[in-house]
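Taking it in order: structure first as structure tokens, then the write-up.
Readers should treat all values here as calculations from the given coordinates under stated rules, not as data from a laboratory. All values reported here derive from a predicted model rather than from experimental measurement. Because the Cβ atoms are built from the backbone with ideal geometry, glycine has one as well, and the counts that use them run over all protein chains shown.
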Amino acid sequence: MNLIPWSRRGLAVAALTLFAAMTAGAQAQILTVSAAVSLSESFKDLAKVFEAQNPGATVQLNFGGSGALLQQILRGAPVDVLATADEATMDRAQQHQVVRAADRHVFAQNSLVAIVPVGARSAVSSLADLRTMQRVALGNPDSVPAGRYASEAVARAGLGDVLLERRILAQNVRQVLDYVARDEVDLGFVYGTDAALMPDKVKVAFTVALPTPVRYPIAVVQASPEARVAQRFVDLVLSPRGQALLARHGLRPAAPR
């Protein structure tokens, strides 16, 4: 029996199998997207759309306070796309050469609101009512844009000292939302989209007036090894389909500067 042809055929099949496996591995792409926690629901939906549009691509989502996300990148965390809840954090990312100016785009805007537990008895309608509060929750201003927006608004109202006596600092807006929902604080500052997640447990007392709107920028991280795929994700966020999805979650189109 001549075994040589069969041996050659077996080698050929093995080679083709190995090539197919290597090709599949090369095509598999994992994209890490770090985004402000207030984008959780909308970016989970965007990730599903992106993966459907890009077979072989997997989106790993990392949510947190914008400042904390930037610190993770500066400490070496492998991230492909960064989306923050403020332009100041993205400015710092640009200063540290994490992103390029030409690659950043503002894609949505939000509102800052004061929320209280649904069962709250005290009437709250303005920042002046902070004087009647005992516990006020907000994100740490050093790393959470919503906390910084709130602190600045309270300071402009001449109530900075009042807030310092009553504030409970949180790691992000969702922690603030939980504090209010569990009736552990009298009032909290979150985004309008956050408040809409628990209408049965929290209610909006008032919208906080800000000198500039809450704007969300997004950019491809310079060190990304998947820059082309990362750009496709950014393009989806900026596309009509992406914008429509963001709108379904309460985010408004970005207003021109």
_Projected label distance in nm at Ala128 and Ala157, using a 7 Å step from Cα toward the beta-carbon_ = 1.0 nm
*Could you check the simple spin-label distance between Leu74 and Gln109, using points 7 Å along Cα→Cβ, in nm with one decimal?*
2.8 nm
*Tell me, what ³J(HN,Hα) does each residue in the range 205-216 have, in order and in whole Hz, if you take phi through Karplus 6.51 cos²θ - 1.76 cosθ + 1.60 with θ = phi - 60° and put x for Gly and Pro?*
7, 6, 8, 7, 6, 10, x, 9, x, 6, 10, 9
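Contact order normalised by length for the range 162-223, with contacts defined as Cα pairs under 8 Å and 6 or more residues apart; what percent is it? List each step's numbers first, then the result.
Details: 27 pairs, mean separation 13.7, N = 62.
Computed over the range 162-223, the figure is 22 percent.
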_Segment Ala223-Glu184, length gained on full extension (0.36 nm per residue, minus Cα span)_ = 9.9 nm
*Any chance you could list P(r) for the range 112-207, counting all Cα-Cα pairs in 10 angstrom bins from zero, rounded to whole %?*
19, 59, 22, 0
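Among the complete DSSP H segments of the chain, which ones combine at least 24 Å of alpha-carbon extent along their axis with a mean Kyte-Doolittle hydropathy of 0.5 or more?
On the way: long enough: 4-27 (34 Å, 0.81).
Going by DSSP H runs, the hits are 4-27.
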*Check Ala85: other-chain or 5+ apart residues with amide H under 5 Å from its amide H, H built from backbone geometry?*
Ala36, Ser66
_Mean separation of Cα contacts under 8 Å, 6 or more apart, over the residue count of the range 34-88: relative contact order %_ = 53 percent
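Relative to the compact-globule scaling 2.2 N^0.38 Å, provide the ratio for the alpha-carbon radius of gyration of the chain. Can you show the working numbers first?
On the way: Rg = 23.4 Å, N = 257, 2.2 N^0.38 = 18.1 Å.
In units of the 2.2 N^0.38 Å rule of thumb, it is 1.29.
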*Normalised by the number of residues in the chain, what is the relative contact order in percent for Cα pairs under 8 Å and 6+ residues apart?*
27 percent
*Assuming R0 = 30 Å, can you tell me the calculated FRET efficiency for the pair Thr58 and Leu169, based on Cβ-Cβ distance, to the nearest 0.05?*
0.30
*Rounded to whole Å and sorted largest first, list the principal axis extents of the Cα atoms in the range 133-257.*
50, 31, 28
_Per-residue [θ]222 nm for the chain (sum of -39500 (n - 2.57) over DSSP H runs n ≥ 4, rounded to 500)_ = -13000 deg cm²/dmol
